[in-house]
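Engineer: Dropping the structure in here first, questions after.
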Amino acid sequence: MFFIIGVNNASKQIGNISNVICPSCGAYTNMQITVMYMVLSIFFIPVFKWHRHYFATSYCCGNEFEIDTQEGKAFEQGKISQIDTKHMYKTDDYFHIRACPYCGAELPNGANYCYMCGKPLR
């Protein structure tokens, strides 16, 4: 079966920040910055991206922190080179992925509807 249009989760590493004190363990560390988003593709060409979330992963303890959207966007566009830790907060369950019981699509925790088949999950 050939699909012309598709909606998928995607992520991209957008850079690193260095010489930061980890909000979790207090160590002096570097962090990798990643953006996660939904993307609409037509013939495997990404056309539209939405629902962006920015994350920082510390190299010292491996903990992940969500970054304020405005700070993450400014970092991605190159307007700022460092992100202050006051704009980061701990994430616990964001990356726990589950599957839709109807079509099997991977869904992030907290989803109320499947983005592939549209059926309610609760």
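Engineer: Taking the conditions exactly as written (outside any strand (DSSP E or B), aliphatic (A, V, I, L, M) and either without any contact (Cβ under 8 Å) to a residue 12 or more places away in the chain or touching a Phe, Trp or Tyr at 6+ places or on another chain (Cβ under 8 Å) (or both)), does residue 56 satisfy them or not?
Structural biologist: Values: outside any strand (DSSP E or B): no; aliphatic (A, V, I, L, M): yes; either without any contact (Cβ under 8 Å) to a residue 12 or more places away in the chain or touching a Phe, Trp or Tyr at 6+ places or on another chain (Cβ under 8 Å) (or both): yes.
So residue 56 fails the test.
Engineer: Another question, then. Among (1) under 14 Å from the mean Cα position of the chain (by Cα); (2) surrounded by fewer than 17 Cβ atoms within 10 Å (Cβ to Cβ); (3) not polar (S, T, N, Q), there is one condition residue 6 misses while meeting the rest; what is its number?
Structural biologist: It fails just one condition, (1).
Engineer: Give the stretch 75-90 a look and list any residue that's farther than 17 Å from residue 26 by Cα and either surrounded by 15 or more Cβ atoms within 10 Å (Cβ to Cβ) or of a type in the set (Phe, Trp, Tyr) (or both), or say none.
Structural biologist: Let us first name the residues in the stretch 75-90 that are farther than 17 Å from residue 26 by Cα, namely 75-82.
Within the stretch 75-90, 75, 76 meet the criteria.
Engineer: Name the single residue, out of those in the stretch 1-56 being out of contact with any Gly (no Cβ under 6 Å at 6 or more places or on another chain) and hydroxyl-bearing (Ser, Thr, Tyr), that is modelled with the lowest pLDDT.
Structural biologist: Step one: filter the stretch 1-56 for residues out of contact with any Gly (no Cβ under 6 Å at 6 or more places or on another chain), giving 1-32, 34-40, 42-53, 55-56.
Right, trim to hydroxyl-bearing (Ser, Thr, Tyr) and you get 11, 18, 24, 28-29, 34, 37.
Numbers: 11: 90, 18: 93, 24: 83, 28: 93, 29: 93, 34: 95, 37: 93.
In this case the residue turns out to be 24.
Engineer: Separate question: Could you tell me which numbered condition residue 61 fails, if it satisfies all but one of (1) of a type outside the set (Gly, Ala, Ser); (2) modelled with pLDDT under 90; (3) farther than 14 Å from residue 23 by Cβ; (4) in a loop (DSSP other than H, G, I, E, B)?
Structural biologist: Result: residue 61 passes all but (3).
Engineer: Could you list, ordered by first residue, the pairs with Cβ atoms under 9 Å in which the first is in the stretch 75-100 and among the basic types (Lys, Arg) and the second is at pLDDT below 90 and in a loop (DSSP other than H, G, I, E, B), at least 6 apart or interchain?
Structural biologist: 86/23; 90/23; 90/24; 90/63; 98/109; 98/111; 98/121
Engineer: How about the stretch 11-61: which of its residues are more than 24 Å from residue 106 (Cα to Cα), surrounded by fewer than 12 Cβ atoms within 10 Å (Cβ to Cβ) and of a type outside the set (Gly, Ala, Ser)?
Structural biologist: Across the stretch 11-61, the qualifying residues are 19, 28.
Engineer: Working only within the stretch 88-114, note down all residues that are of a type in the set (A, V, I, L, M) and modelled with pLDDT of 65 or more. Outline the logic, then answer.
Structural biologist: The first filter runs over the stretch 88-114 and keeps only residues of a type in the set (A, V, I, L, M), leaving 88, 97, 99, 105, 107, 111.
If the condition is that a residue be of a type in the set (A, V, I, L, M) and modelled with pLDDT of 65 or more, then 88, 99, 105, 107, 111 are the ones that fit.
The values are calculated or read from the model by the stated rules, or taken from the named source; none is laboratory data. Nothing here was measured: the structure is a model prediction, and the numbers come from that model. Neighbour counts are summed over all protein chains in view; Cβ atoms, including those assigned to glycine, are modelled from backbone coordinates with ideal geometry.
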